[in-house]
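First comes the structure, then the notes that go with it.
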Ligand SMILES: [Fe+2]
């Protein structure tokens, strides 16, 4: 099995740390808005904040919905801003992205789309969960087999690394009926597979535009705020939240422990249109 892999140098003590930037929903036109928010401006404010306040990181993980209009320019604008971190950036697609355009555009700016990121003590697996023109996710047979085979091979090694899985769609329900309809549809098979391997420490997603961090069968499932519009937690129908745009910082420790927190820009800078009834 040929796997697209990159090697990442962590901190001298073996830890590896990431900034997770997700659901930027950028447009070709920087002035364009999503539910009342200029997504380019809020993304830019998040980058400014992270450059000033986030602890040091080994790399950036971009977990999908980078573009809202799938334009080449939206991806180029993403790359221009992300490269302000002067860090490697690895990305996977969300349901609003066009994978081909995204991959080709971001590659021109050095942003890669590996299946695996390898560090000394951790393997990070990046999965594509997209279904063309559908908001829900699905892990295709090919991607499922890749995951299954890779994990089985890992399990056969004497010294197994810790694993973090990154995937745009959430796998555990977040408690919002409308968002949970847009979950990874074949999540039960994925959860059964995850349960077989105790070296999988966490699953990191975007998609739900809200923070969550739940321990399920010993595995940590995390979601992260968007850099633009936030969705209200536990709401049965589409409802925006007044919380500020944000991002996540993660430190993957050599022991397998993860220290993480969500950071947000000051509230009140980017208010969305409260009367919007859909997304
Ligand atoms: Fe999104």
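Values computed for the structure shown
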{"item": "Any chance residue 157 is buried (at least 20 other Cβ atoms within 10 Å of the Cβ) and closer than 21 Å to residue 117 by Cβ", "result": "no"}
{"item": "Residues that are within 10 Å of the ligand (Cβ to nearest atom) and out of contact with any helix residue (DSSP H, G or I) (no Cβ under 7 Å at 6 or more places or on another chain), drawn from the range 63-97", "result": "63, 64, 65, 94, 95, 96, 97"}
{"item": "Qualifying positions in the range 177-214 - surrounded by 22 or more Cβ atoms within 10 Å (Cβ to Cβ) and in contact (Cβ under 8 Å) with a residue 60 or more places away in the chain", "result": "204, 205, 206, 207, 209"}
{"item": "Selection count where residues are within 14 Å of the ligand (Cβ to nearest atom) and touching a helix residue (DSSP H, G or I) at 6+ places or on another chain (Cβ under 7 Å), scope the range 219-245", "result": "5"}
{"item": "Pairs where the first residue, in the range 73-98, is free of Cβ contacts under 8 Å to residues at least 60 places away in the same chain and closer than 12 Å to residue 109 by Cα and the second is within 13 Å of the ligand (Cβ to nearest atom) and part of a helix (DSSP H, G or I), C-beta under 8 Å, 6+ apart", "result": "78/43; 81/43"}
{"item": "Lone qualifier among 235, 226 - being part of a loop (DSSP other than H, G, I, E, B) and modelled with pLDDT of 95 or more", "result": "226"}
{"item": "Subset of the range 177-195 (residues that are over 11 Å from residue 136 (Cα atoms) and in contact with a strand residue (DSSP E or B) (Cβ under 7 Å, 6 or more places away or on another chain))", "result": "190, 194"}
{"item": "Residue that is nearest to the ligand (Cβ to nearest atom) [pool: residues in the range 10-57 that are assigned to a loop (DSSP other than H, G, I, E, B) and under 18 Å from the mean Cα position of the chain (by Cα)]", "result": "23"}
{"item": "Some residue of the range 142-152 being crowded, with 16+ Cβ neighbours inside 10 Å, under 27 Å from residue 199 (Cβ atoms) and within 13 Å of the chain's Cα centre (by Cα)", "result": "no"}
{"item": "Hey, residue 7 closer than 16 Å to residue 87 by Cα and more than 16 Å from the ligand (Cβ to nearest atom) or not", "result": "yes"}
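Listed here are the residues, each with its yes/no results for (1) surrounded by 18 or more Cβ atoms within 10 Å (Cβ to Cβ); (2) free of Cβ contacts under 8 Å to residues at least 40 places away in the same chain; (3) touching a helix residue (DSSP H, G or I) at 6+ places or on another chain (Cβ under 7 Å).
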{"position": "6", "(1), (2), (3)": "no, no, no"}
{"position": "11", "(1), (2), (3)": "no, no, no"}
{"position": "18", "(1), (2), (3)": "yes, no, no"}
{"position": "24", "(1), (2), (3)": "yes, no, yes"}
{"position": "36", "(1), (2), (3)": "no, no, no"}
{"position": "43", "(1), (2), (3)": "yes, no, yes"}
{"position": "46", "(1), (2), (3)": "yes, no, no"}
{"position": "57", "(1), (2), (3)": "yes, no, no"}
{"position": "60", "(1), (2), (3)": "yes, no, yes"}
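The values are calculated or read from the model by the stated rules, or taken from the named source; none is laboratory data. A quick note: this is a predicted structure, and the numbers were derived from the prediction, not measured. We place every Cβ from the backbone using ideal geometry, glycine too, and count neighbours over all the protein chains shown.
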